[in-house]
Amino acid sequence: MSKLALNDIDISGKKVFVRVDFNVPIVDGEIIDSTRIEESIETIKYVSGKAVCFLASHLGRPKGVDAKLSLESVRNELCRLLNKDINFITDFSDKSCLQNCRKGDIFLFENLRFNSGEESNSEEFAKLLAQGMDVYVNEAFSASHRKHASVHAITRFISVKCAGFLLNKEILSLENLLHSPKRPFVLILGGAKINDKVPLLKSLIGKVDTLLIGGAVAFRTFNALGKGGTTDKDVIEIMEIAKKKGVKIILPCDAVITKELKSGAITSVVEDVPDGYIAADIGPKSIKKFEEELKSARTVFWNGPLGAYEYDDFSYGSHKIASFLTSHEMAGAFTVAGGGDVVGALGGFGLKNKFRHVSTGGGACLEFLSGDKLPGFEVLPDKK
Ligand code: ADP
Ligand code: 3PG
Ligand code: MG
């Protein structure tokens, strides 16, 4: 079901708060992939063409104010993409920008998570953000699984609200995967957000036929390369569900290890990770094992890189699997990738456009696919 869209309402001359997701991968202060920013440009141009546009996003997971996670570099990228000056608001309570603004002006708030009220879904912070705004637009599909102030509580304080173009487009594309995926349906899960992703597997596991696990999720939680199994409660439960439902779980059988995650680090390939080492990428045998499983897949959803792809030494596994998924061997499969980092990795390999669908959402996609309602989407009015 689509939500009321931006072009269903009159925003002419209004002050419009647009929640975007500019949580992009940044290494040494440089944005290494701008997909999430680029994907919001249509909405930003549409809003600023008719109204005053106030953009707001989080970046990373700061504990309070953290200069390294400032949205300043995103502001610069936005100026470049729009060829326009963007005003930066660092003090959420400074409302002077509301006085002399005009149609066409674009403002960007500093990282919302610098205020603890964002993640606690605080009414007070939501009211502060909403003050002086006429319209609320959610354009942040990839943050819509978060019940946070700028995604959820704020909708109580702005009566006119709707979905941005990207949000509705994402939901429509992913509904296909949720309701009628061609089988076998293989989920490739990697990345680093272990605490988020491992519990989600319990509901996801029932929706797919095979689960390939890589990235830090595999190495840190599943103890995949060790001989001793796992004592993690969630993992044990996931394995039990998988067994009952006949779902195959495939784990890596070798890894590229290092003592330090950095460029030019000393690396080696092992089948058992010694103490004090980081398993930073899947090894060559695991790549073969994963490719073997993928061959027969008709639907593939991939979230989370299989290694620390930001460093050349640990991007090989993700690169090989991305190449395989976009090769003629997989031409008959519906291949979808989702997540800020996995999409960043694909962009770096020059393979992003070869997937059938690329979603800006990582955790949001996984929650949606597992059948959960996304709080930031549910709270918007339905299309009439
Ligand atoms: P996505 O954005 O695609 O949902 P995540 O945000 O969960 O993915 O994880 C991305 C991060 O995971 C990247 O910064 C990457 O370096 C890290 N990562 C992946 N595999 C490993 C690994 N084996 N060891 C350390 N970090 C890893
Ligand atoms: C993401 O990258 O998946 C979204 O921006 C949400 O970020 P979070 O997992 O830190 O809430
Ligand atoms: Mg990420």
Just checking, which of S142, S180, S203 is polar (S, T, N, Q), more than 16 Å from ligand 2 (Cβ to nearest atom) and closer than 29 Å to A308 by Cα?
-> S203
Taking only pairs six or more apart or across chains, which ones have beta-carbon atoms under 9 Å, a first residue in region 172-200 that is more than 30 Å from A279 (Cβ to Cβ), and a second residue that is more than 16 Å from ligand 2 (Cβ to nearest atom) and assigned to a helix (DSSP H, G or I)?
-> L178/K207; P181/K207
Scan region 272-310 for residues that are modelled with pLDDT of 95 or more and among the aromatic types (F, W, Y) and jot them down.
-> F290, F301, W302, Y309
State whether the residues of region 32-51 include one that is more than 16 Å from ligand 1 (Cβ to nearest atom), touching a strand residue (DSSP E or B) at 6+ places or on another chain (Cβ under 9 Å) and under 15 Å from E110 (Cβ atoms).
-> no
Cβ pairs under 9 Å, 6+ apart, first in region 138-153 and within 19 Å of F165 (Cα to Cα) and among the aromatic types (F, W, Y), second part of a loop (DSSP other than H, G, I, E, B) and more than 15 Å from ligand 3 (Cβ to nearest atom) = F141/G164; F141/L374
Any idea how many residues of region 350-369 are among the small types (G, A, S), crowded, with 17+ Cβ neighbours inside 10 Å and farther than 12 Å from T335 by Cβ?
-> 4
Test: residue in region 102-110 that is small (G, A, S) and more than 16 Å from ligand 2 (Cβ to nearest atom) | yes
Among the candidates D85, D91, which residue alone is closer than 11 Å to F107 by Cβ, in a loop (DSSP other than H, G, I, E, B) and not hydrophobic (A, V, I, L, M, F, W, C)?
-> D85
Criterion: in contact with a helix residue (DSSP H, G or I) (Cβ under 8 Å, 6 or more places away or on another chain), of a type in the set (A, V, I, L, M, F, W, C), at pLDDT below 95 and assigned to a helix (DSSP H, G or I) - qualifying residue of L174, L129 = L174
Within 15 Å of P305 (Cα to Cα) and out of contact with any Phe, Trp or Tyr (no Cβ under 7 Å at 6 or more places or on another chain), is that true of S327?
-> no
Quick count over region 186-196, residues being outside any loop (DSSP other than H, G, I, E, B), within 11 Å of ligand 1 (Cβ to nearest atom) and buried (at least 24 other Cβ atoms within 10 Å of the Cβ), is 2
Qualifying residues in region 204-218 (those that are part of a loop (DSSP other than H, G, I, E, B) and away from ligand 3 (no atom under 16 Å from the Cβ)) - the one farthest from the chain's Cα centre (by Cα) = D209
Scanning for something away from ligand 3 (no atom under 16 Å from the Cβ), within 20 Å of the chain's Cα centre (by Cα), of a type outside the set (K, R) and under 21 Å from S359 (Cα atoms), does region 55-73 turn up at least one residue?
-> yes
The one condition F314 fails out of (1) within 16 Å of ligand 3 (Cβ to nearest atom); (2) in contact with a helix residue (DSSP H, G or I) (Cβ under 8 Å, 6 or more places away or on another chain) is (2)
Scan the helices (runs of 4 or more DSSP H) fully inside region 292-381 and keep the ones with 2 or more residues being in contact (Cβ under 8 Å) with a residue 12 or more places away in the chain, within 30 Å of K259 (Cα to Cα) and within 16 Å of ligand 1 (Cβ to nearest atom).
-> 316-325, 340-349
Residues of region 132-171 that turn out to be part of a helix (DSSP H, G or I) and within 25 Å of V24 (Cα to Cα), as a count | 13
Has region 248-256 got any residue that is away from ligand 3 (no atom under 16 Å from the Cβ), more than 30 Å from L369 (Cα to Cα), modelled with pLDDT of 95 or more and not in a loop (DSSP other than H, G, I, E, B)?
-> yes
Could we say that D10 is over 15 Å from the mean Cα position of the chain (by Cα) and in a loop (DSSP other than H, G, I, E, B) here?
-> yes
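The values are calculated or read from the model by the stated rules, or taken from the named source; none is laboratory data. Owing to the predicted nature of the structure, the values given are computational and were not obtained by experimental measurement. Positions of Cβ are generated from backbone atoms using ideal geometry, with glycine treated the same way; all protein chains shown enter the neighbour counts.
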